[in-house]
Structure formats: C-alpha cells, structure tokens
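A.B. asks: Quick one: structure below, then a few questions.
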Amino acid sequence: MKSKSRSRKTRGAATALMILIMLALFLFSIVLAVTIGSVKISLYDVYRIILYRISHIHIGDFDWHIQIGDLETLVSGTKFQIVWNVRMPRVLMGAVIGIMLAASGVVMQATVQNPLADPYILGISSGASLGATFSIMIGASAVFTGVLADTGTAFWAFLGALAATALVYLLANLGGRMTSAKLVLAGSVIGSLCSSFTNMMIYIGNDAENMKSVTYWLLGSMVSARWDKLALPAVCMLAGSIFFLTQVRNLNTMLLGDEAAITLGVNLNFYRRIYMVVCALMTAVAVCTCGIVGFVGLMIPHIVRAFTGSDHRRLLPCAMLAGGTFLIWADVVARVIIDNTEVPIGVITSAIGAPIFVYMMVRKSYGFGGGAS
C-alpha cells in the first residue's frame, strides 16, 4: 500500500516537473521570438519594453549603465513600435492558435478513437475555406462597414466552419446512433463537398488580386495579428483549455472503449458530442483568425505522447504548451526564411509535419499508447 502511494506521488512529481519545464520553454520562446526579424532587437531591450509597457517600471532607474532618457527613447521610438505593436501580438497569436489546435487534436483523437484524427477531420477547415472564399471572391464582406470592415472575411469563415460542422452532425446521426466511424466519414464527405465549391469559385473568378488573397488565406498567415484581434481567440483558448483540463478522466476512459465506459457508468456518447462541439468552435475560431494551419493538431499530440504516454493528465497540458511553442517558432521561420518575403505559415507546418507523419506511418508508431496500432 505504501509502495503504491509512493509510486503515485513520484508520478505526480514527474508530471509537475514536466509541465513546468514545458511552461518555462513556452514563456521563454515568447520573449525570444520577439527579438527575431528583419530588425534585430536585443533580448534585454525586449525585456525592458515589455516590463515598461506592462508595469511602467523603469529598470534604468536602478542600473547606472542606462540613462532614463535612453529608456524613454526606447519606449517611444521604432523599437517599441516593432516589439509591442507588431511582433508581440503576432507571437501571442501564434501561441494561442497553437494551443487551441494541439488541444483540439488531443481531444479529437481520444473522442473519435482514431490516432490519426486532427482538428480538421469534421470538415471544419473546408467549411471555413468556403466561407472565406465566398467573402473574398463574391464580395460578401462588403456588408460590414466602419469598425467591422476588417472582420468580414473572418465572420464568413467562422460561419462556414459552423455550418460544415452542423452538416457533419446531421449526416452522422442519420440511420441511428452517431458513432466515431460515422463522424469521420461524414467529415470527409462534407469536407470534399466544401472543397469542391471553393475550387469552383476560385476557377470561375476573374480577379487576380482576390485569387491571391484567397490563396494566401488558405495557406495560413499571422500577418494580420493585432491586439484588437487577439481577444476572441484568447478567450476561446482559455475557456476551451480550462474545460478540457477538467475532463482528463473522461478522456482517459474513452481510450478504453465504449464497453468499458458503460461498466464504469460513463456515457461516452454524451461527452463525445460536447467535446466535438467545443473542438469545432475552437478550430473554427483558429481558422477564421489566421487561415488554415495544418498538421499541428495531428503531429504535436503524437510527438508529445512519445514522452508523456497516453495519460491525458500529462499529455493534454504538455501538448498544449508544445503546440503553442511550435507555432511560435513556425511563424518565426515563416518571417525570416526568405529576405523581404513572408512565407505562409501553413507551408512551414506542412513541410515539417508531412515528413513526421510519414515517419510515424513507416514506424507504425501511431497508436494511443505509442506502440503499433
């Protein structure tokens, strides 16, 4: 009895240490990523600007090497604008989107009981693509004016994502009880249908500028990240993350299968519906904010699972932090890999994710527990 208690405490301490390490790496990545770009800014200057902007503390007051006038120039000049108004919201947006996609990927894989599932499996990305393409090519965003003028494309993308998710649920419920297999098949059908309409609109469109905008949006980008656009994704990320972190016991039960869940008194169908709706909302917000960023929700859970195991008490928080960290650095690469040109972040994540996915298939290491499935 004592050995079991000691073993449980040891696992708990190891889990806490792992999460703290991931959190430290995540926070350091946020600060370090802000220093990287076409204009080089030191880590110390970034720290001073952030500290001053948040707390209005002049650290130069306590350091004889720095003149207060120099600090005032720093926080009102070009460096301040680059750090606080350009790079910081972009880095934070990447962190928020990465957390949402990784969390959705973990939950989706457990809910659908398919280790190769990802947040876009319900046709969410295809529905969002259709909505965004409709907005750009048809000019549907013109209904928004004034302060809402910049939200037109995001609104239609979000509407398309929710519509696609609703159609998937309707299709999966036809002919009896909804199952994981029917959800996956329904998602494939609706996704293909939305993609067909999207391609048709692009094909018949004759505006080169609009076609370029659609293509760039479909490939994903953080270029439009601003402080005023960060609130909705951040709130959605916090709410969804807190909710899923309280559901780790049910997520672990889902890995045992429906029959085992019934013996434990857990109604998996009820929780499956709730989890799918929350995942759909989080993914829709991510897609309508920065476009389609593939492979994050697929590869991050698998990579983290290799270190943490399949227990969601460790897997979920570590995957969320790893997803945020990964997308921060993917966006850095997108910004600096080519001089004076920004590569869509979806290209970077796909270039990294596709080889990892092939490696997992070759090694057959795509089971929930890290072994062959």
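A.B. asks: Looking at 101, 92, which is the one that is surrounded by fewer than 24 Cβ atoms within 10 Å (Cβ to Cβ), within 15 Å of the chain's Cα centre (by Cα) and at pLDDT 85 or above?
C.D. replies: Details: 101 fails: surrounded by fewer than 24 Cβ atoms within 10 Å (Cβ to Cβ).
Criteria check complete, one pass: 92.
A.B. asks: Tell me which residues, restricted to segment 235-287, are out of contact with any helix residue (DSSP H, G or I) (no Cβ under 9 Å at 6 or more places or on another chain) and on the phi > 0 side of the Ramachandran plot.
C.D. replies: Across segment 235-287, the qualifying residue is only 265.
A.B. asks: Regarding residue 223, is this residue assigned to a helix (DSSP H, G or I) and either modelled with pLDDT of 85 or more or farther than 30 Å from residue 179 by Cα (or both)?
C.D. replies: Working: assigned to a helix (DSSP H, G or I): no; either modelled with pLDDT of 85 or more or farther than 30 Å from residue 179 by Cα (or both): yes.
Here the answer is no, as residue 223 does not meet what is asked.
A.B. asks: As an exercise: evaluate residue 256 against (1) part of a helix (DSSP H, G or I); (2) open to solvent by 80 Å² or more (accessible area, probe 1.4 Å) and give the number of the one condition it does not meet.
C.D. replies: (1) is the only condition that residue 256 fails.
A.B. asks: Which residue out of 46, 39, 34 is touching a Lys or Arg at 6+ places or on another chain (Cβ under 6 Å) and either of a type outside the set (Lys, Arg) or at pLDDT 80 or above (or both)? Give the steps one after another, and end with the answer.
C.D. replies: Details: 46 fails: touching a Lys or Arg at 6+ places or on another chain (Cβ under 6 Å); 39 fails: touching a Lys or Arg at 6+ places or on another chain (Cβ under 6 Å).
Step by step, each of 46, 39, 34 is checked, and only 34 is touching a Lys or Arg at 6+ places or on another chain (Cβ under 6 Å) and either of a type outside the set (Lys, Arg) or at pLDDT 80 or above (or both).
A.B. asks: Looking only at segment 226-251, count every residue that is open to solvent by less than 40 Å² (accessible area, probe 1.4 Å) and within 21 Å of residue 316 (Cα to Cα) and tell me the total. Spell out how you get there, then give the answer.
C.D. replies: Applying the first criterion (open to solvent by less than 40 Å² (accessible area, probe 1.4 Å)) to segment 226-251 yields 230, 233-234, 236-237, 240-241, 244, 247-248, 250-251.
Still in the list and also within 21 Å of residue 316 (Cα to Cα): 233-234, 236-237, 240-241, 244, 247-248, 250-251.
Summing the residues that are open to solvent by less than 40 Å² (accessible area, probe 1.4 Å) and within 21 Å of residue 316 (Cα to Cα) in segment 226-251 gives 11.
A.B. asks: Something else now. So which residues in segment 9-38 are over 27 Å from residue 332 (Cα atoms) and open to solvent by less than 90 Å² (accessible area, probe 1.4 Å), if there are any at all? Steps first, answer last, please.
C.D. replies: From segment 9-38, those over 27 Å from residue 332 (Cα atoms) are 9-17; that's our starting set.
Passing the criteria: 10, 12, 13, 14, 15, 16.
A.B. asks: Considering only segment 88-127, how many residues are farther than 21 Å from residue 354 by Cβ and among the hydrophobic types (A, V, I, L, M, F, W, C)?
C.D. replies: Going through segment 88-127 one residue at a time, the tally reaches 13.
A.B. asks: Turning to a different aspect of this structure: Scan segment 310-338 for residues that are touching a residue at least 40 places away in the same chain (Cβ under 8 Å) and either surrounded by fewer than 16 Cβ atoms within 10 Å (Cβ to Cβ) or charged (D, E, K, R) (or both) and jot them down.
C.D. replies: If we filter segment 310-338 for residues that are touching a residue at least 40 places away in the same chain (Cβ under 8 Å), which is where we start, we get 310-332, 334-336.
Within segment 310-338, 311, 313, 314, 331, 335, 336 meet the criteria.
The values are calculated or read from the model by the stated rules, or taken from the named source; none is laboratory data. Please read all numbers here as calculations on a predicted model, not as lab measurements. So basically every Cβ, Gly included, is an ideal-geometry build from the backbone, and we count neighbours across all protein chains shown. Only protein heavy atoms, including side chains, enter the accessible area calculation; ligands, DNA and RNA are left aside. Shrake-Rupley method; radii C 1.70, N 1.55, O 1.52, S 1.80 Å.
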